[in-house]
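> What follows is a structure written as structure tokens; I'll ask about it next.
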Amino acid sequence: MAINYYTKEGLQKLKDELSELKTKGRSDMAKQIAEARDKGDLSENAEYDAAKEAQGLLELKISKLETVIGNARIIDESSIDTSKVSILSTVKIKNKKNNTEVKYQLVAEEEADLKSGKISVQSPIGKGLLGKKKGDLATIKVPAGDIEFEVMDITI
């Protein structure tokens, strides 16, 4: 798995989620399985089968999160080059078609939150902006078609 870069807060959020899944998540799952087991014959107990399947999915999620955290690195924001768009850059872009301006911070997939202006570097817009410099034009293929953006500003 590839190394992903996170803010200190973003990595802590992942660690908190993992801790929650390992403690409360596993505890809740054990209760569900015990309740289902108490309902009788396991060979014909759909509730037990569903609980065991949910347990498997929980363990898979825990395993994936452990891998992500194991491959995570905290990026030093003071070392970010603002001459070009990179992870953790805040980019102000202008849609050349309708002249609207938006500001996004490029973050790792798990930190993406459009409401707070954070988009994934794996998203079409994120990929299209990486490496661009102030004044560059980026034609980005999105579900609605190709959109041309101009990079107005790059900050941290």
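> Only one of K97, K115 is modelled with pLDDT under 95, charged (D, E, K, R) and in a helix (DSSP H, G or I); which?
Result: K115 is the single residue among K97, K115 that is modelled with pLDDT under 95, charged (D, E, K, R) and in a helix (DSSP H, G or I).
> Right, something else. Going by the conditions given, is I69 touching a Leu at 6+ places or on another chain (Cβ under 9 Å) and open to solvent by 20 Å² or more (accessible area, probe 1.4 Å)?
On the way: touching a Leu at 6+ places or on another chain (Cβ under 9 Å): yes; open to solvent by 20 Å² or more (accessible area, probe 1.4 Å): yes.
The answer is yes for I69.
> Further question: When K39 is evaluated against the numbered criteria (1) open to solvent by 50 Å² or more (accessible area, probe 1.4 Å); (2) outside any loop (DSSP other than H, G, I, E, B), which criterion, by number, is the only one it fails?
Only one criterion is unmet by K39, namely (2).
> Just wondering, is there one or more residues in the range 64-77 that are under 30 Å from T23 (Cα atoms), assigned to a helix (DSSP H, G or I) and charged (D, E, K, R)? Spell out the reasoning first.
Pass one, the range 64-77, residues under 30 Å from T23 (Cα atoms): 64-75.
If we keep only those that are assigned to a helix (DSSP H, G or I) too, we end up with 64-70.
In the following step, the residues that additionally are charged (D, E, K, R) were identified as 64, 66.
Among the residues of the range 64-77, at least one is under 30 Å from T23 (Cα atoms), assigned to a helix (DSSP H, G or I) and charged (D, E, K, R), which makes the answer yes.
> For residues in the range 17-36 being farther than 30 Å from E111 by Cα and out of contact with any Lys or Arg (no Cβ under 7 Å at 6 or more places or on another chain), which is least open to solvent (accessible area, probe 1.4 Å)? Steps first, please.
As a first pass, look at the range 17-36 and keep what is farther than 30 Å from E111 by Cα: 31-36.
Now restrict to residues that are out of contact with any Lys or Arg (no Cβ under 7 Å at 6 or more places or on another chain): 31-32, 34-36.
On the way: K31: 119, Q32: 88, A34: 37, E35: 112, A36: 1 Å².
If we take residues in the range 17-36 being farther than 30 Å from E111 by Cα and out of contact with any Lys or Arg (no Cβ under 7 Å at 6 or more places or on another chain), then A36 is least open to solvent (accessible area, probe 1.4 Å).
> When you check G131 against the structure, is it part of a helix (DSSP H, G or I) and either under 15 Å from the mean Cα position of the chain (by Cα) or surrounded by fewer than 18 Cβ atoms within 10 Å (Cβ to Cβ) (or both), yes or no?
So G131 does not fit the description; no.
> Open to solvent by less than 60 Å² (accessible area, probe 1.4 Å) and out of contact with any helix residue (DSSP H, G or I) (no Cβ under 6 Å at 6 or more places or on another chain): is that true of G10 in this structure? Please lay out each step first, then the result.
Working: open to solvent by less than 60 Å² (accessible area, probe 1.4 Å): yes; out of contact with any helix residue (DSSP H, G or I) (no Cβ under 6 Å at 6 or more places or on another chain): no.
No, not satisfied.
> Is it the case that some residue within the range 100-119 is among the charged types (D, E, K, R), more than 19 Å from the chain's Cα centre (by Cα) and surrounded by fewer than 16 Cβ atoms within 10 Å (Cβ to Cβ)?
Yes, the range 100-119 contains a residue that is among the charged types (D, E, K, R), more than 19 Å from the chain's Cα centre (by Cα) and surrounded by fewer than 16 Cβ atoms within 10 Å (Cβ to Cβ).
The values are calculated or read from the model by the stated rules, or taken from the named source; none is laboratory data. Predicted model, so just to flag it, every value in this text is computed and none were measured. A quick note on method: Cβ atoms are made from the backbone with ideal geometry, for glycine too, and the neighbour counts reach across all protein chains shown. We work out accessible area using only protein heavy atoms, side chains counted, and drop any ligands, DNA or RNA first. Shrake-Rupley method; radii C 1.70, N 1.55, O 1.52, S 1.80 Å.
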